[in-house]
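Input: a single structure, listed below in structure tokens.
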């Protein structure tokens, strides 16, 4: 088991917590990050780019000029791709860019990303992240006490004061444990967890490991 210090909001140690090595001290497999992040970004693409083919361009029903005697190359329609204002040959059409990455790869990449933050001393566990009011200045002061300039902040669902106070801090993002993903873990230099969120993440990722063991597979 890996042992982590638990701090209060003034950055003073109040206790410690033991968390599973499988989740918080797993081998860091960076090659998985590329595969999973690429998959996440591809899934976010809207895929709405569209161009008109020659059959979709208005007009073009007659020859722009006669076949012979002009000294120019013959043309059959103003909607041809070689004509100004004509259709586009092999242009983009709406499509779905998403594709599937095996669950085992996604799970292993997520454990590696969490472990990377822990091994680089970029993981902070706070006793609780409850705020008495919605105030960005107070939350900014809390982050300054931990000396972090940017971070992904994870707390259990229902902490609206935290979420709303963080809206105007562009280098910080609040998320619930269920939404934890590799892209956002790597996008921010630090990871701040409430103690309850740390245990929820541990339970979620250990459940994935047990599920994989029951299936008789091995991790990527």
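The values are calculated or read from the model by the stated rules, or taken from the named source; none is laboratory data. Treat the numbers as computed from the prediction; the structure is a model and nothing was measured. Note: ideal-geometry Cβ built from the backbone for every residue, glycine included; neighbour counts use all protein chains shown.
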Regarding residue 79, is this residue assigned by TED's automatic domain parsing to the domain that holds residue 36 and surrounded by 14 or more Cβ atoms within 10 Å (Cβ to Cβ)? no
Determine, yes or no, whether residue 186 is in a loop (DSSP other than H, G, I, E, B) and surrounded by 16 or more Cβ atoms within 10 Å (Cβ to Cβ). no
How many residues are surrounded by fewer than 20 Cβ atoms within 10 Å (Cβ to Cβ) and out of contact with any helix residue (DSSP H, G or I) (no Cβ under 8 Å at 6 or more places or on another chain) if we restrict to the range 123-141? 3
Please indicate, with yes or no, whether at least one residue in the range 29-47 is in contact (Cβ under 8 Å) with a residue 40 or more places away in the chain, assigned to a loop (DSSP other than H, G, I, E, B), within 30 Å of residue 207 (Cα to Cα) and touching a strand residue (DSSP E or B) at 6+ places or on another chain (Cβ under 8 Å). no
By residue number, the members of the range 144-155 that are buried (at least 16 other Cβ atoms within 10 Å of the Cβ) and within 19 Å of the chain's Cα centre (by Cα) are 151, 152, 153, 154, 155
Residue 172 passes all but one of the listed conditions (1) in contact with a strand residue (DSSP E or B) (Cβ under 9 Å, 6 or more places away or on another chain); (2) in contact (Cβ under 8 Å) with a residue 24 or more places away in the chain; (3) surrounded by fewer than 19 Cβ atoms within 10 Å (Cβ to Cβ); the exception is number (3)
With the requirement that a residue be in contact (Cβ under 8 Å) with a residue 60 or more places away in the chain and within 11 Å of residue 150 (Cα to Cα), what does the range 175-192 give you? 189, 190, 191, 192
